[in-house]
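These notes are about the structure you will find just below.
The values are calculated or read from the model by the stated rules, or taken from the named source; none is laboratory data. All values reported here derive from a predicted model rather than from experimental measurement. Because the Cβ atoms are built from the backbone with ideal geometry, glycine has one as well, and the counts that use them run over all protein chains shown.
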Amino acid sequence: MKLFVAVTDNGWFTYLSTINPDEVNFWSPSGKLVSNLEIGTPFLFKLHSPYNYIVGGGFYIRSEKLPLSLAWDAFKEKNGVANLTDLRKKIISLRKEYSYDPLIGCTILNEPFFFPRNLWIPVPVDWSKNIVRGKTYDSITTTGKLLWKELQENLTLINHGKQVKEHTIILNGQKYGRSYLTQSRLGQGTFRLLVTDAYKRQCAFSGEKTLPALEAAHIIPYHENGPNLTDNGLLIRSDFHKLFDKGYITVTPNYRIEVSKRIREEYENGRDYYAFHGKSLLILPKVKEDMPNKEFLEWHNVNRFLG
């Protein structure tokens, strides 16, 4: 098991610790990415000097470059600032050149935790002042084993014994790798990014590639216990998304699009949408586990589609 300790902006940490979100975007203004980490890896926050402490962390999901606007749309305040204007100002101040909507490096972390001051962990003895981004530790080494032990003890304390079993399972490796995605509670921003990536940033219906126009639609709505998993999602244009949620469009278990006659009856229109009726989805995920779940699609056919 490995743990990654990342140099962390103090203001970013302080803001997020006050709202205690279910996920966070650990962003880099330059677009540089943290790589070679397995899904579920503990990703720990080390503040800038003179605060040489590990003060919290989360569990690694993925890293990718995203337009600033999409990072805000997906994660809002979970980017560590109160609004888009503040995020743009902060990133512009850290970059050498101006861009209204720059690509930034986004590292998505799930189930973040924030230690109170009395539980901050001093950096390992081999931590160098020259480290700019972060360092990986392995639990099989003496230093890594000690850090791991301190991490688990802190999680026990901050959870008052209620959720430590979940975190302990993660750290014992039973929810490590891709299985972490199916066994953990993922946030809405993470869901959006996973679905967007699975469909290669293209609308499943039309193949549209204009990213601001694309949205991750839940097949079974989240408020009706639909999971934030890729197989419960479709990446589709925003107008298709609205129609899908309201039942005017559905997708059958064999991945064919059906358009309800109710559009014509109620709005005396819909020609552009009826052109998709009976067609197979144009874009589907390459990974089998990311394919739309056929049971979820059947649920939508029965419980949402207006027929």
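Being free of Cβ contacts under 8 Å to residues at least 60 places away in the same chain, of a type in the set (S, T, N, Q) and either surrounded by 20 or more Cβ atoms within 10 Å (Cβ to Cβ) or within 23 Å of Asn130 (Cβ to Cβ) (or both) is a property that Asn10 has. One residue stands out in the stretch 286-306 among those that are acidic (Asp, Glu) and closer than 21 Å to Tyr180 by Cβ: the one that is modelled with the highest pLDDT, namely Asp290. Each residue in the stretch 197-231 was checked for being basic (Lys, Arg) and touching a residue at least 12 places away in the same chain (Cβ under 8 Å), and 2 of them qualify. Taking the residues in the stretch 232-287 that are β-branched (Val, Ile, Thr) and in contact (Cβ under 8 Å) with a residue 24 or more places away in the chain as candidates, determine which candidate is surrounded by the fewest Cβ atoms within 10 Å (Cβ to Cβ). Looking at the filtered set, the residue picked out is Val287. Condition test on Val164, is it modelled with pLDDT of 95 or more and assigned by TED's automatic domain parsing to the domain that holds Gly11? The answer is no for Val164. In the stretch 21-33, the residues that are closer than 13 Å to Phe59 by Cβ reach residues that are assigned to a loop (DSSP other than H, G, I, E, B) and of a type outside the set (Lys, Arg) with C-beta atoms within less than 6 angstrom, at least six apart or across chains, in these pairs: Asp22/Gly187; Glu23/Gly187. When the test is whether a residue is in the same structural domain as Pro112 (by TED's automatic domain parsing), under 15 Å from Arg133 (Cα atoms) and not β-branched (Val, Ile, Thr), Leu47 passes it.
Taking Asn225 as the residue in question, decide whether it is under 19 Å from the mean Cα position of the chain (by Cα), within 27 Å of Ile61 (Cα to Cα) and either buried (at least 20 other Cβ atoms within 10 Å of the Cβ) or at pLDDT 95 or above (or both). For Asn225, the condition - under 19 Å from the mean Cα position of the chain (by Cα), within 27 Å of Ile61 (Cα to Cα) and either buried (at least 20 other Cβ atoms within 10 Å of the Cβ) or at pLDDT 95 or above (or both) - is not met.
Would a scan of the stretch 113-125 turn up a residue that is within 28 Å of Ala216 (Cβ to Cβ) and in contact (Cβ under 8 Å) with a residue 24 or more places away in the chain? Yes, some residue in the stretch 113-125 is within 28 Å of Ala216 (Cβ to Cβ) and in contact (Cβ under 8 Å) with a residue 24 or more places away in the chain. If only residues of the stretch 113-140 that are farther than 14 Å from Phe4 by Cβ and not hydrophobic (A, V, I, L, M, F, W, C) are counted, the one that is nearest to the chain's Cα centre (by Cα) is Pro116. Checked against the criterion of being of a type in the set (Gly, Ala, Ser), assigned by TED's automatic domain parsing to the domain that holds Gly134, out of contact with any helix residue (DSSP H, G or I) (no Cβ under 6 Å at 6 or more places or on another chain) and within 22 Å of Arg178 (Cβ to Cβ), the stretch 52-59 contains one or more residues that satisfy it.
Assessment of the stretch 190-210 against the conditions (among the aliphatic types (A, V, I, L, M), farther than 30 Å from Leu119 by Cα, assigned to a strand (DSSP E or B) and modelled with pLDDT of 95 or more) yields no matching residue. Figure legend. Inter-residue proximity from the stretch 73-92: first residues among the polar types (S, T, N, Q), second residues crowded, with 20+ Cβ neighbours inside 10 Å, beta-carbon distance below 8 Å, spacing 6+ or different chains. Indicated pairs: Asn79/Val24; Asn79/Asn25; Asn79/Trp27; Asn79/Ala71; Asn79/Trp72; Asn79/Leu87. If you check Phe240, Phe276, Phe244 for being assigned to a loop (DSSP other than H, G, I, E, B) and either of a type in the set (A, V, I, L, M, F, W, C) or modelled with pLDDT under 95 (or both), only one passes: Phe276.
Does at least one position in the stretch 124-134 carry a residue that is loosely packed, with under 15 Cβ neighbours inside 10 Å and touching a helix residue (DSSP H, G or I) at 6+ places or on another chain (Cβ under 9 Å)? Within the stretch 124-134, one or more residues are loosely packed, with under 15 Cβ neighbours inside 10 Å and touching a helix residue (DSSP H, G or I) at 6+ places or on another chain (Cβ under 9 Å).
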